[in-house]
Amino acid sequence: MECVRKVTDDLYWVGGNDRRLALFENIFPISRGVSYNSYLLMDEKTVLLDTADRSISEQFFENITAVLGEHSLDILVVNHMEPDHCALIGDLVRRYPKLQIIGNAKTFQMMQQFFDFDIDGRSIVVKEGDTFDSGKHELHFVMAPMVHWPEAMVTYDATDKILFSADGFGSFGALPGSIFADELDFDRDWLDDARRYYTNIVGKYGSSVQALLKKAAGLDIQMICPLHGPVWREDLGYILDKYQKWSTYEPEEKGVVIAYASMYGNTENAANACACKLADRGVRKIAVYDVSNTDVSELIAEIFRYSHLVLAAPTYNGAIYPKMEHLLLDMKALNVQGRTVALVENGTWAATTAKQMHAQLEALKNMTVLDAELSIKSALKNDQGTQLDALCDAIAASVKES
Ligand code: FEO
């Protein structure tokens, strides 16, 4: 049976949810599933905005068949060619042979790479500022290169003031029947997944997101329809503010993430002692994670969230403990910048991790590494209390100043 929601008088959500997939992109754990949003505009010409992932194809086709009724599908707008949204284009063309497809030059280049059907005979190539009149609605096409693929674009319905934002403003998490952010407790239940989605999928491309936000600022937007997660029709300032911060790498909160690696519990003890002393010093937002049992995507999201970071790790084979090194490599890959970091190292015979972590952090933009460091030989002893105090004094003072 179809499973659709009405978005406006003539716009329908015709997407679907996948709660079985364990890893999005075969990388990111999604314990709450994911939605693949698709939107069908019932105008004089019927317009579908993006298809969906193959995993929900049956539901997707039931949905569009039910909404179309006696009508055929005239137009497909392809805002993004990643397969979680484009996978069903070939099937769609077979069902609706007269379908015309709107995309930009790069869209069709990628489509040729993914598909074998006759593309040239049905393509409408658009560029920045081009429009398409479907009858009552006037669609404007806005290029969004590298948010987060080169062909990405967004579509603005000037009639109803709706931005179809592709991956922008998306989130992990399957939709529970409610598809609008105002039908959910977004801040409580969705923000963490939205942050984790943004920072890990789009986080590297902050300047591209900034360019898109500047273009969006020139539009009167009353609703945002992303390709994953809830639709925004109220309090758009809330999510726009998050995107402004995330895309400029500005922390959302003054606080400290302590990410530690510990083989036998000794570095963990130092991390916990540090957390207690920070709390004693009035730091109110402290998050502590074991890098060995926390997915790196969660660590990245938390590092985007908070202003300060403590990295604590043992030396391993003369190098940085591998799980910690993975985090540092991911921080570089995702363009983490502008954070203040304190380092704690551990080693039974030759602790060199702090120096090596410092070198990796220097490759990131605008990072401040505090001079106070803590070097542990095997286990933190009481006679290092002064050193730990100095480290925590420096972190707490820096949090206060930030
Ligand atoms: Fe949801 Fe970049 O695809």
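Cα gyration tensor of segment 67-136, axes a ≥ b ≥ c as square roots of the eigenvalues: rounded (a/c below 1.5), prolate (a/b > b/c) or oblate? Note, shape of segment 67-136 comes out oblate.
In the full protein context, the chain carries 42 Å² of accessible surface per residue, based on a 1.4 Å probe and ignoring ligands, DNA and RNA.
For segment 111-150, the square roots a ≥ b ≥ c of the C-alpha gyration tensor eigenvalues yield an a/c of 1.5 or more together with a/b not exceeding b/c, which makes the shape oblate. Close amide H contacts of Val369 (hydrogens built in the peptide plane, cut-off under 5 Å, sequence separation of 5 or more or a different chain): Val341.
Using a simple spin-label model with pseudo-atoms 7 Å out from Cα toward Cβ, Ala359 and Asp116 lie 5.1 nm apart. Once the Cβ-Cβ distance of Glu401 and Asp9 is raised to the sixth power relative to R0 = 56 Å, the FRET efficiency obtained is 0.60.
Computed extension length for Thr294-Ala394: 33.3 nm, one decimal, from 0.36 nm per residue of separation with the Cα-Cα distance subtracted. Note on Ala319 and Ser72: their simple-model spin labels are 5.9 nm apart, each label 7 Å out from Cα toward Cβ. Across segment 123-128, rounded Karplus estimates of 3J(HN,Hα) from the backbone phi angles (6.51 cos²θ - 1.76 cosθ + 1.60, θ = phi - 60°) give 8, 10, 8, 10, 10, 3 Hz, Gly and Pro being marked x. The convex hull around the C-alpha trace of the chain, projected and averaged over every direction, spans 20.6 square nanometres.
How big is the gap, in Å, between the Cα center of segment 358-373 and the Cα center of segment 126-169? When both Cα centres are located, 40 Å separates them. Within the same chain, lysines fewer than 8 places from Lys355 are excluded, and of the rest, those with a Cα less than 16 Å from its Cα are Lys377. Partner lysines whose Cα lies under 30 Å from the Cα of Lys136, excluding those fewer than 8 positions away in the same chain, are identified as Lys6, Lys45, Lys98, Lys106, Lys127, Lys161, Lys214, Lys215. Given springs between every Cα pair under 10 Å in a Gaussian network model of the chain, which of Asn26, Asn269, Asn335 has the largest fluctuation? Result: Asn26 has the largest fluctuation of those listed.
For segment 246-292 versus segment 1-80, the spacing of their alpha-carbon centroids is 40 Å. Working note: 222 nm ellipticity from helices only, DSSP H runs with n ≥ 4, each -39,500 (n - 2.57), summed and divided by the residues of the chain, gives -10000 deg cm²/dmol to the nearest 500.
Largest GNM mean-square fluctuation across His85, His308, His71, computed for the chain with C-alpha springs under 10 Å, falls on His71. Counting only protein heavy atoms and a probe of 1.4 Å, the accessible surface of the chain is 48% carbon and sulfur. Residues Asp187, Asp116, Asp167, sorted by accessible area with the largest first, give Asp116, Asp187, Asp167 [1.4 Å probe; ligands and nucleic acids excluded]. For segment 1-90, trypsin sites (Lys or Arg not before Pro) meeting the loop criterion (DSSP other than H, G, I, E, B) and having at most 12 other Cβ atoms within 10 Å: Arg19, Arg20. Sorting Thr348, Thr294 by accessible area puts them as Thr348, Thr294; the probe is 1.4 Å, largest comes first, and only protein heavy atoms count. Entry note, the chain: relative contact order of 11 percent, from Cα contacts under 8 Å with a spacing of 6+ residues.
The values are calculated or read from the model by the stated rules, or taken from the named source; none is laboratory data. This one's a predicted model, so the numbers in the text were calculated from it and none came from an experiment. We place every Cβ from the backbone using ideal geometry, glycine too, and count neighbours over all the protein chains shown. SASA here: full protein model, heavy atoms, side chains in, ligands and nucleic acids out. Shrake-Rupley method; radii C 1.70, N 1.55, O 1.52, S 1.80 Å.
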